[in-house]
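Here the structure is laid out as structure tokens; the discussion comes afterwards.
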Amino acid sequence: MRDSDVRAALVSQVLAAHFSQPDTLVRHELGIRAGRRRIDVAVVNGEISGWEIKSDEDTLARLAGQVEAYGQVLDRATLVTTPRWVDPATAKIPAWWGVTVVETIGSAIVVRELRPSADNSEAVDPMSLAQLLWRDEALAELRLRQQARGLSSKARHYVWQRLAVVLALDELRAVVRARLKARSDWPGGR
């Protein structure tokens, strides 16, 4: 089973309800850690959830790095995979990650949740979370709080760093979710 088959089943059978919710963003390929990693499918509403797809064509070579990066920004994560990778991949992910299997039964593609996701039990990293914002968005948040002095010509790293220090984690989470959902000029469209 290919990535596109797994993704289509995930979207149609698991995530379809989110598309009609006005306060929810469903985004394919959400870049995290300044674009060094990508979440296959992210849902942003009252929390940030991510789905990592491992199809039959994939390997598990990058999974450890993905687990680390996802733990720094996500409230919940789910591995979506085929029967081929269920056991070896499940052994490599933390207990807070959910596990969903996509398989062909007869002529139907069936999606089954093997383990629900739980709240992220790892420490969310404020800097990694701030990096979900574009530089101008982060700078605007700092300006709202009169904390942007000296940053208007600085590189985005310094803007994110200040934002991560100025905002408490819960406030930063709320700001990031609101900004992501409000963003209308995503590359490739909303």
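The values are calculated or read from the model by the stated rules, or taken from the named source; none is laboratory data. These figures come from a predicted structure and were not determined experimentally. Backbone-built Cβ (ideal geometry, glycine too); neighbour counts: all protein chains shown. All accessible areas refer to the heavy atoms of the entire protein, side chains included, with ligands and DNA or RNA removed. Shrake-Rupley method; radii C 1.70, N 1.55, O 1.52, S 1.80 Å.
Points worth noting:
- Largest first, the residues 70, 158 sort by 1.4 Å accessible area into 158, 70.
- Rounded percent of accessible protein surface that carbon and sulfur make up, segment 74-190, 1.4 Å probe: 50 percent
- Here the relative contact order of the chain, from alpha carbon pairs under 8 Å that lie six or more residues apart, stands at 19 percent.
- Local electrostatic count, residue 138, Cβ distance below 12 Å [Lys/Arg +1, Asp/Glu -1]: +4
- Solvent-accessible surface of the chain, averaged per residue with a 1.4 angstrom probe and all protein chains in place: 49 square angstrom.
- q = 0.13 Å⁻¹, segment 82-180: log10 I(q)/I(0) [Debye, one scatterer per Cα]: -0.63
- Value of D in µm² per second that Stokes-Einstein yields for segment 93-138, Kirkwood Rh from Cα pairs, at 20 °C (1.002 mPa s): 156 µm²/s
- Note on the chain: GNM, Cα springs under 10 Å; of 164, 17, 69, the largest mean-square fluctuation is that of 17.
- For 4, 20, the ranking by accessible surface with the largest value first comes to 20, 4, using a 1.4 Å probe.
- Overall size of the chain from C-alpha positions, given as principal axis extents largest first: 62, 33, 25 Å.
- Across every pair of non-identical alpha carbons in segment 54-101, the mean reciprocal distance, once inverted, gives a Kirkwood radius of 10.9 Å.
- Rounded, prolate or oblate (a/c below 1.5 giving rounded, otherwise prolate when a/b exceeds b/c) for segment 13-91 by Cα gyration tensor: oblate
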